[in-house]
Amino acid sequence: MVAAEFMRSGRGPVARKRVRRRELRAIAAPFTVAAPAGARIRDRLRVTAGEAAVLRLVGEHLGRHQRVDLVTRVGIGRVKAKDNRRTERKRHLTAVSSSRWAGAMTRASEDQYQLSLRCLSDERASLRRAVRAIEKRLAVPCGQRKSKVRGYPDQTERWAKQRRLAVLKTRLADVEDRLEGGRPSIVMGGRRLAKARHSLADAGLTEAEWRQRWDAARLFLTADGESGAPHGNYTIAVEPETGEVSLVLPEPLRHLANAPRGRYRLTCAVAFSHRREEWLDRVTANRAVRYDFVHDPVRGRWYLDASWAAAPVVLPTPEEIRSFGERLLGVDLNADHLAAYVLDPHGNPIGEPITVPLDLTGPASQRDGRLRAAISELIRIARAHHCAGIAIENLGFDDARATGRETMGRGGRGKRFRRTVAGIPTAKFRERLRSMAFHAGLVVIAVDPAYTSVWGERYWKTPLQQQNQQITVTRHHGASVAIGRRALGHRARRRPGVTAHDRRIVTRRATGQAVLIPRARGAASPPRTASAPTTGGQTRPCQGDQLALFPDIEDRSRGHRILTGPVSASSASTGRQR
């Protein structure tokens, strides 16, 4: 007896080892993605050779002076806005251009400087994460494990990581020094294009082709809009009726003017077919519109971009969408496809699983077009199923990409996984979806991506496969259901007791899996027995056979109807409809 108590207490030599459960991290609440802050449209300019030469001269002249102003701004360092000497710099630039060109150049310099500081701050955070990850593993001896941290498998890899740590610390010290002094590194024209000059063979470019791209990237032909000015912009003007384009020439190039007041008018016109009505509303009301001349040396084309700030819009919250009883389209983003599922207000999947192919190989222009086509297909599906919005994961692989092999695996399998993660266009997908869904009248809800794939496979893959036996259901479709349920405020797991593949259970409880149906208060008719006559040839009691005399006032089912007859479920997440 004493020995049994001793061993039951856990102090004996054969006592069972207690398994410590892994704690789940807190899941953030879903939120509605904000509407686009502005709009940008483009149209092609079919200019002549002489007009292209004039535009190139103006762009090179303004670009040279803008780069000088940017060097001056970087030399000033991190100061308050009132101490950046913008008035002095603008006065100096006005003498070689015009007052409005000078204002655009100083604003562009300030925006570029602040953006570079933010990028430098992000690089510092990334280097710190990588240093911490390597230092944790170096603190554990080779081949051993301490808590959740594993040491490196052999001394060779450990020595390589020590060298890597020294390199990262050197880079981190340099970044911190530049960030503290307010001296970011800025390459006008792009750092990637600048590095390609040293390896033209690898880039597939000749020196002449590289020079054309470099010069085109360093042109400055940007004019900020001005409310109250004719058609929203005085420096670059576009007539709304005829589409004629004209621009003010800088002071040293006024001899090239072919229109009054030192302006140069192009013979070609623009139409802005995409979102033309919005553009016309602004220019006819003399509201600010910014214009940019863009030169593509690869195709030999010139474009004119028009952009403006959009008015703030208040979008419905996830709680409001749920209270309205609207459907959602849950989407799981993957490297080669989009998995989606339509969910009703209660979180039940409707219909069949949806797979949208996503091929992100080839040139950047083709990848962007394929991404837009996939998003357009999602919007079409959401509209066809009368969904109020699209639920996606709030993905961001910054931490994983910063630490690399330390957290995402090593070897051939880890390399393939890291390559897959690097190929997922999380930022582009989120921005494209936000803009396109907003103009389609849909709301985008972002949810925490924690455990969506794991729980989707565990709780939803098998029931969905039983319901759709003619279609292959993957764990990604289950993840899309978990994403949609999380956006609606429901748990990822289904309601207990609804897993049996039975027609009566499916019919009776399919619409109540996500919410609790309140019981009736007061007296109610007794449930019918198997021998009691029923309508429709039924021999078992049904939920609708009971009459609720005093229904619950606080009906938390949000619109659940009191059933008065046989129930027919239009959407079931478990079982197969017959």
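Laboratory data are not the source of any read-out in this text; all were calculated from the coordinates shown. Just so you know, these numbers come straight off a predicted model, no measurement behind them. All Cβ positions, even for glycine, are placed from backbone atoms using ideal geometry, and neighbour counts span all protein chains on display.
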#### Entry: Using a Förster distance of 60 Å, the FRET efficiency for residue 493-residue 284 (Cβ separation, nearest 0.05)
0.60
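Mean shadow of region 61-188, computed from the convex hull of its alpha carbons, in nm²? Don't skip to the end; give the middle numbers.
Details: hull surface 39.8 nm².
Mean orientational projected area (region 61-188, Cα hull): 9.9 nm².
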### Task
Between residue 140 and residue 202, with labels modelled 7 Å along Cα→Cβ, what's the label distance in nm to one decimal, could you check?
3.4 nm
### Task
For an R0 of 45 angstrom, estimate the FRET efficiency from the Cβ-Cβ distance between residue 469 and residue 119 and round to the nearest 0.05.
0.30
### Task
Kindly identify region 311-370 as rounded, prolate or oblate by the Cα gyration tensor criterion: order the square roots of the eigenvalues as a ≥ b ≥ c, call it rounded if a/c is under 1.5, otherwise compare a/b with b/c, prolate if a/b is larger, else oblate.
oblate
### Query
Residues of region 333-352 with amide nitrogen under 17 Å from the 7 Å Cα-to-Cβ point of residue 386?
342-352
### Task
Taking a cut-off of 12 Å between Cα atoms, list the aspartates and glutamates near residue 136, but don't count ones fewer than 8 places away on the same chain.
406
### Query
Where Lys and Arg each count +1 and Asp and Glu each count -1, what net charge lies around residue 102 among other residues with Cβ under 9 Å from its Cβ?
+3
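Do any trypsin sites (Lys or Arg not before Pro) in region 54-85 lie in a loop, going by DSSP, with at most 10 other beta-carbon atoms within 10 Å of their beta carbon, and if so which? It would help to have the intermediate numbers written out before the result.
Numbers: sites: 56, 64, 67, 73, 78, 80, 82, 85; in loops: 78, 80, 85.
The qualifying sites are 80.
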### Distance from region 114-182 to region 449-478 (C-alpha centre basis), Å
38 Å
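Between residue 179 and residue 167, 0.36 nm times their residue separation minus their Cα-Cα distance comes to what?
Working: separation 12, 0.36 × 12 = 4.32 nm, distance 1.84 nm.
Contour length minus the Cα-Cα distance gives 2.5 nm.
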### Task
Could you please state, rounded to a whole Å, how far the C-alpha centre of region 261-275 is from the C-alpha centre of region 24-99?
21 Å
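Could you pull out the pairs from 161/195; 90/169; 161/428 whose alpha carbons sit more than 31 Å apart here?
Numbers: 161/195 27 Å; 90/169 40 Å; 161/428 33 Å.
Result: 90/169; 161/428 exceed 31 Å.
For the peptides 334-344, 449-459, what is the packing order when you average, over each peptide's residues, the other Cβ atoms within 10 Å and list the highest mean first? The partial results should precede the final answer.
Numbers: 334-344: 21.5, 449-459: 19.2.
Result, highest mean first: 334-344, 449-459.
Test of the criteria: in region 270-365, which trypsin sites (Lys or Arg not before Pro) are in a DSSP loop and have at most 15 other Cβ atoms within 10 angstrom of their Cβ? Each step should come with its number before you reach the end.
On the way: sites: 275, 276, 282, 287, 290, 299, 301, 322, 327; in loops: 275, 287, 299.
Hits after loop and neighbour filter: 275, 299.
Can you give the FRET efficiency to the nearest 0.05 for residue 71 and residue 265, using r as the Cβ-Cβ distance and R₀ = 35 Å?
Working: r = 34 Å, r/R0 = 0.96.
The pair residue 71/residue 265 has a calculated efficiency of 0.55.
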### Query
Classify region 196-348: rounded, prolate or oblate, from the alpha-carbon gyration tensor (a ≥ b ≥ c, eigenvalue square roots; a/c under 1.5 rounded; otherwise prolate if a/b is larger than b/c)?
oblate
### Task
Multiply the residue separation of residue 352 and residue 254 by 0.36 nm, subtract the distance between their alpha-carbon atoms, and state the gained length in nm to one decimal.
28.7 nm
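Tell me which GluC sites (Glu not before Pro) from region 195-244 have a DSSP coil assignment and no more than 14 other beta carbons within 10 Å of their own. Don't skip to the end; give the middle numbers.
Working: sites: 207, 209, 226, 241, 244; in loops: 226, 241.
Qualifying residues, ordered by number: 241.
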